[in-house]
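Trainee: Structure below; questions to follow.
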Amino acid sequence: MKKIFITGALGQIGSELTVKLRNIYGADNVIATDIRKNDSEAALSGPFEVVDVTDTKTMIEMAKKYQADTIIHMAALLSATAEKNPVFAWNLNMGGLMNALEAARELNCKFFTPSSIGAFGPTTPKDNTPQDTIQRPTTMYGVNKVAGELLADYYNYKFGVDTRGLRFPGLISYVTPPGGGTTDYAVEIYYEAIKNKRYTSYIDKGTYMDMMYMPDALNAIVDLMEADPSKLKHRNSFNVTAMSFDPEEIAAEIRKHIPEFEMSYSVDPARQQIADSWPNSIDATAAKEEWGFKAEYDLAKMTKDMLEKLSK
Ligand code: VAH
C-alpha cells in the first residue's frame, strides 16, 4: 500500500485507521474522505476530501486525482440504523460498495472493506461459527454484508481486483463513538461507568456476542492488507474475534475497577432481536493460519485501558 484512499474516514473505525495509516505510510499518502468534514485528527492530519460514496463520478475522479493504489471502503450504515431505514441502507451500503469496487477496478487498486458477524443469521451454527458456513442473515445490514462479500469476491475472480475483507465483531473504542450499531452497548457502558457509575443496558443479560478492542481491529486490517496474496485461501471475508462476553461479564470486569458500578436492563426489542440472530462466538482459525491474525486484548486488558483512557 503506498497511496491509500479511505471512505468513511471519520467514522468509528475510519477515524482511528486514518491516523494509524498516516503514522505508518506518511500523512500525505493517506487521503481521508467522508460525507462531511469535522475538526478531528483524522480530518486535519493530512489530505481530506468531501466524498459522497453514492456519487460514482466524484468517487472515481477523487481516487484518480490522488493516484490511489489502495481503496479502503469504510462508509456504511450499521445494523440498527440500517434496520430502521432498509431501503436507504441498501442504496448507501450497496451503491457505495459498487462505486468503490468500480474505482478499484478502473484504477487497479488493492481493496479492503469490512464485513461483520452480522453476515451470519439464526440458522448459522452459533458457537465457534466456522469460516465457511450458512449465511442467511435476517437484517438488512446482514444482507448487505453477505452481498458485499460475494461482490468483492466476484471482483477478485472476474476482474482480478485484489479484494480483502474482515468479518468484524463488535468494536470497542474511546476515540469516536459508534453510531447505530447493536454492539454499541459495550462502548456506552464504559462512558457511563466513568460518568455515572451505572449503566442501563438495552441488550439483555446472557446475550453473548463477539467483541474486539479497536487497536486489534486496526492491526488486523494492516496485517491482512500487507499479507502475501499467494497465502490467502479466503478473501471476503475472514472471521476475526478477540473475545465473547455478555453484559453481565463486562459489568463484572468494570466492577474490578469501579466497585460501586451498578448495571440495570431496559431491553430494546429491535436491537435484542438483531443480537439474538448473531453467533455467540466465531472461529478465527482461517485468519490465524492464512495471514497470522492475533488479538492482544482480552476483556480484562481492554477494560483497564478503556477506563484509563476515558478517565483522562
Ligand atoms: C453493529 N458494530 O453493531 C456493528 C457491528 C458486529 C457488530 O457490525 O452493527
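Trainee: Restricting to the range 150-174, and then to whatever is more than 9 Å from the ligand (Cβ to nearest atom) and under 14 Å from the mean Cα position of the chain (by Cα), can you tell me which residue is farthest from residue 120 (Cα to Cα)?
Mentor: 173
Trainee: Another question about this same structure. List the pairs whose first member sits in the range 126-148 and is over 11 Å from residue 83 (Cβ atoms), whose second member is of a type in the set (Ser, Thr, Tyr), and whose Cβ atoms are under 6 Å apart, counting only residues at least 6 apart or on separate chains?
Mentor: Correct list of pairs: 127/281; 128/281; 133/124; 134/123; 134/124; 136/123; 145/115; 145/116.
Trainee: Separate question: Within the range 233-240, does at least one residue satisfy the condition of being part of a helix (DSSP H, G or I) and either in contact with a Leu (Cβ under 9 Å, 6 or more places away or on another chain) or under 21 Å from residue 13 (Cα atoms) (or both)?
Mentor: no
Trainee: So if I check each of 155, 199, which one is outside any loop (DSSP other than H, G, I, E, B), touching a Ser or Thr at 6+ places or on another chain (Cβ under 7 Å) and buried (at least 20 other Cβ atoms within 10 Å of the Cβ)?
Mentor: From the options 155, 199, the qualifying one is 155.
Trainee: Going through the range 130-143 one residue at a time, which ones are touching a strand residue (DSSP E or B) at 6+ places or on another chain (Cβ under 9 Å) and within 12 Å of the ligand (Cβ to nearest atom)?
Mentor: Listed by number, the residues that qualify are 141, 142.
Trainee: Do we find that residue 1 is part of a helix (DSSP H, G or I) and not β-branched (Val, Ile, Thr) in this structure?
Mentor: no
Trainee: Same structure again: If you check residue 295 against the conditions, is it among the hydrophobic types (A, V, I, L, M, F, W, C) and either over 19 Å from residue 116 (Cα atoms) or assigned to a helix (DSSP H, G or I) (or both)?
Mentor: Judged against the criteria, residue 295 is not a match.
Trainee: What residue, of 104, 68, 75, is more than 16 Å from the ligand (Cβ to nearest atom) and not in a helix (DSSP H, G or I)?
Mentor: 68 is the lone residue from the list that is more than 16 Å from the ligand (Cβ to nearest atom) and not in a helix (DSSP H, G or I).
Trainee: I'm checking my understanding of the structure. Among residues of the range 116-129 that are assigned to a loop (DSSP other than H, G, I, E, B) and not small (Gly, Ala, Ser), which one is nearest to the ligand (Cβ to nearest atom)?
Mentor: If we take residues in the range 116-129 being assigned to a loop (DSSP other than H, G, I, E, B) and not small (Gly, Ala, Ser), then 120 is nearest to the ligand (Cβ to nearest atom).
Trainee: Here is a follow-up. Please determine whether any residue of the range 253-268 is loosely packed, with under 15 Cβ neighbours inside 10 Å and either assigned by TED's automatic domain parsing to the domain that holds residue 134 or farther than 19 Å from residue 186 by Cβ (or both).
Mentor: Yes, the conditions are met somewhere in the range 253-268.
Trainee: Taking the stated definitions as given, is residue 191 farther than 21 Å from residue 296 by Cβ, surrounded by fewer than 22 Cβ atoms within 10 Å (Cβ to Cβ), touching a helix residue (DSSP H, G or I) at 6+ places or on another chain (Cβ under 6 Å) and in the same structural domain as residue 251 (by TED's automatic domain parsing)?
Mentor: no
Trainee: Return a yes/no flag: does the range 215-223 have any residue that is in the same structural domain as residue 93 (by TED's automatic domain parsing), within 14 Å of the ligand (Cβ to nearest atom), at pLDDT 95 or above and closer than 27 Å to residue 88 by Cβ.
Mentor: Taking every residue of the range 215-223 in turn, at least one turns out to be in the same structural domain as residue 93 (by TED's automatic domain parsing), within 14 Å of the ligand (Cβ to nearest atom), at pLDDT 95 or above and closer than 27 Å to residue 88 by Cβ.
Trainee: In the range 193-209, is there at least one residue being under 30 Å from residue 71 (Cβ atoms) and within 11 Å of the ligand (Cβ to nearest atom)?
Mentor: Yes, the conditions are met somewhere in the range 193-209.
Trainee: Of all residues in the range 11-35, how many are in a loop (DSSP other than H, G, I, E, B) and farther than 21 Å from residue 174 by Cα?
Mentor: Of the residues in that region, 2 qualify.
The values are calculated or read from the model by the stated rules, or taken from the named source; none is laboratory data. What you see is a predicted model; the values in this text were computed from it and never measured. So basically every Cβ, Gly included, is an ideal-geometry build from the backbone, and we count neighbours across all protein chains shown.
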